[in-house]
1. Output the residues belonging to region 1-29 that are outside any helix (DSSP H, G or I) and either modelled with pLDDT under 90 or of a type in the set (Asp, Glu) (or both).
2. Within region 40-75, work out how many residues are assigned to a helix (DSSP H, G or I) and over 25 Å from residue 2 (Cβ atoms).
3. Check off (1) touching an Asp or Glu at 6+ places or on another chain (Cβ under 9 Å); (2) within 29 Å of residue 7 (Cβ to Cβ) for residue 37 and give me the number that stays unchecked.
4. Please go through region 26-61 and pick out each residue that is among the aromatic types (Phe, Trp, Tyr) and without any contact (Cβ under 8 Å) to a residue 12 or more places away in the chain.
Amino acid sequence: MLLFGLDKSLASEEGFAQVKECLTSPLAKFVIWGLLSALLYHLVAGVRHLIMDMGIGETLEGGKLGSQIVLVVAAIVILLLGVWIW
């Protein structure tokens, strides 16, 4: 759906105005926030796994602490994303 919007917005000035109007609705903002939230959580968890590949936090205690840090960092980043979108 987002690729269709990108194509339409690049096709003409009227298409850009239509896409801009559509993306200002609360439902569209909520959907975009949800999709980007999932991507950001995945990014933060991926960084955790890269750190674990370097040998940091491979123990059970380190894994538990790492998962808690991922949840806190992801929650903060997702809230900041929500502020930016809204």
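The values are calculated or read from the model by the stated rules, or taken from the named source; none is laboratory data. Being a predicted model, the structure only gives us computed values, none of them experimental. Cβ sites come from the backbone with ideal geometry, for glycine too, and all protein chains shown count toward neighbours.
1. So the first thing to find is which residues in region 1-29 are outside any helix (DSSP H, G or I), and the list is 1, 12, 24-25.
1 - this is the single residue of region 1-29 that is outside any helix (DSSP H, G or I) and either modelled with pLDDT under 90 or of a type in the set (Asp, Glu) (or both).
2. First, the residues of region 40-75 that are assigned to a helix (DSSP H, G or I): 40-53, 60-75.
If we keep only those that are over 25 Å from residue 2 (Cβ atoms) as well, we get 48-53, 60-73.
Total meeting the criteria: 20.
3. With (1) touching an Asp or Glu at 6+ places or on another chain (Cβ under 9 Å); (2) within 29 Å of residue 7 (Cβ to Cβ) applied to residue 37, the lone miss is (1).
4. Scanning region 26-61 gives a single hit, 30.
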